[in-house]
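The values are calculated or read from the model by the stated rules, or taken from the named source; none is laboratory data. Treat the numbers as computed from the prediction; the structure is a model and nothing was measured. Note that each Cβ is placed from the backbone with ideal geometry, even for glycine, and that neighbours are counted across all protein chains shown. With ligands, DNA and RNA removed, areas are computed over all heavy atoms of the protein, side chains included. Shrake-Rupley method; radii C 1.70, N 1.55, O 1.52, S 1.80 Å.
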Amino acid sequence: MLAPEVETTAEDIAEMEVRGAATIARAAAEALEAQARDSDADAPAQFREELRAAARRLRNTRPTAVSLPNALRYVLNEVEGDTVAALRASTIEAAERFRDQLDRAQDDLGAIGANRLRDGDTIMTHCHSTDALACVEAALDDGKEIEAVVKETRPRKQGHITAKQLREWDVPVTMVVDNAARRYLDDVDHVLVGADSIAADGSVVNKIGTSMLAVSARERGVPVMVAAQTLKLHPDTLTGHTVEIEMRDETEVLSDEERAEVGDVDVENPAFDVTPPRYVDAIVTERGQFPPESVVTLMREQYGEGTSEPWAEE
Ligand SMILES: O=P(O)(O)OC[C@H]1O[C@H](OP(=O)(O)O)[C@H](O)[C@@H]1O
């Protein structure tokens, strides 16, 4: 029996009511906690199987942000005990610990990323990343004045969320359509983006359009900074796996009304793209700032040589 909160959370993630890699990870851990709390399993094996089923349901929502399976793995690997009560308590504690770590990691990352931003700098953002915004918030807390050129980020316009947050912090914001990015790169000091996954070779998987922005930024001599806590490191890429790119519904690109007007066309809607490491200047994590080519060392330290799937059916 899955707890209702597991189903709701899974639907919210799939529909992007809950979105952003770190936020998805937090919601997944909370859903496992709800599963543990609500379970009426009377045997440890049943409790464990329910928890695995909950994790499978959550895992199968969106494929690209590795923070989701990393969160599930963290919680499931910490579940221990010989009784249902002990299993329940350890699951709840693990989920709480995970959330605390997530908050701490974002604060630490923000403090490090802020060091790259100077008083008076202008950043260009793409999509909405809480890790990237943590760097801006820490810079503002340090008393620096920051301005932002915010890319709208089609098709879902998460740039609006970024703009709203920055305005709440009184940061002057210029909103541009994605196609105007190159024109405004001359006015900015940094491109600042987040990541959904980082591969062992330092490639950055982030919102579609990031790679085009990074290539243009390199051509213009603007440094590209990726803010990504180590939860975004994709351990499967250590063993040669590639990161699956989510393809989303075509109506996000062309509404039914627009389609009626345009006619019968194929629509492709990849949610993410891959920016090769040579276009990235720094990956800022809670453990320091790294050139993309060296994140593999961090990944090995954190995840060893590979990963398990503790949610697999037994
Ligand atoms: O974890 P934080 O930094 O908040 O977000 C990381 C990334 O998650 C988002 O994906 P989506 O909007 O869920 O498709 C964006 O691509 C963003 O850069």
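Projected onto the charge dipole of the chain (+1 at Lys/Arg Cβ, -1 at Asp/Glu Cβ, origin at the Cα centre), which of P4, V75, I146 gives the Cα projection farthest towards the positive end? Checking the options against the dipole of the chain, the answer is I146.
The alpha-carbon positions of the range 106-151 define a convex hull whose volume is 55 Å³ per residue.
Checking every one of the chymotrypsin sites (Phe, Trp or Tyr not before Pro) in the range 91-188 against DSSP loop status and a limit of 16 other Cβ atoms within 10 Å picks out W169. So for the range 230-314, Kirkwood radius off the Cα pairs, Stokes-Einstein at 4 °C and 1.567 mPa s: how many µm² s⁻¹? This corresponds to a translational diffusion coefficient of 79 µm²/s. Dimensions of the range 4-108 based on its C-alpha atoms, expressed as ranges along the principal axes with the largest first, amount to 36, 30, 17 Å. With N as its number of residues, the range 113-303 has a Cα radius of gyration that, divided by 2.2 N^0.38 Å, comes to 1.05.
Rolling a 1.4 Å probe over the protein heavy atoms gives the range 113-303 an accessible area of 45 Å² per residue.
Remark: the range 25-69 is approximated by an ellipsoid whose semi-axes, taken from the C-alpha gyration tensor as √(5λ), come to 22, 11, 6 Å, largest first.
May I ask which residue of L213, F272, L133 lies farthest towards the positive end of the charge dipole of the chain, with charges of +1 (Lys, Arg) and -1 (Asp, Glu) on Cβ and the Cα centre as origin? Farthest along the dipole direction, towards plus: L213. Averaged over its residues, the range 4-108 has an accessible area of 41 Å² per residue, based on protein heavy atoms and a 1.4 Å probe.
Taking the range 64-130, which trypsin sites (Lys or Arg not before Pro) meet the DSSP loop condition and have no more than 16 other C-beta atoms within 10 Å?
Qualifying residues, ordered by number: R118.
Where only DSSP H runs of four or more residues are counted, the chain gives -14000 deg cm²/dmol as its mean residue ellipticity at 222 nm, each run worth -39500 (n - 2.57). About the centre of its Cα atoms, the chain shows a dipole size close to 840 debye [charges on the beta carbon of Lys, Arg (+1) and Asp, Glu (-1) only; nearest 20 debye]. Check each of the GluC sites (Glu not before Pro) in the range 1-79 and keep only those in coil by DSSP with at most 15 other C-beta atoms within 10 angstrom; list them in order. Here the sparse-neighbourhood loop sites are E15, E17, E78.
Roughly to the nearest percent, how much of the accessible area of the chain is carbon and sulfur, given a 1.4 Å probe? Accessible surface attributable to carbon and sulfur in the chain totals 45 percent.
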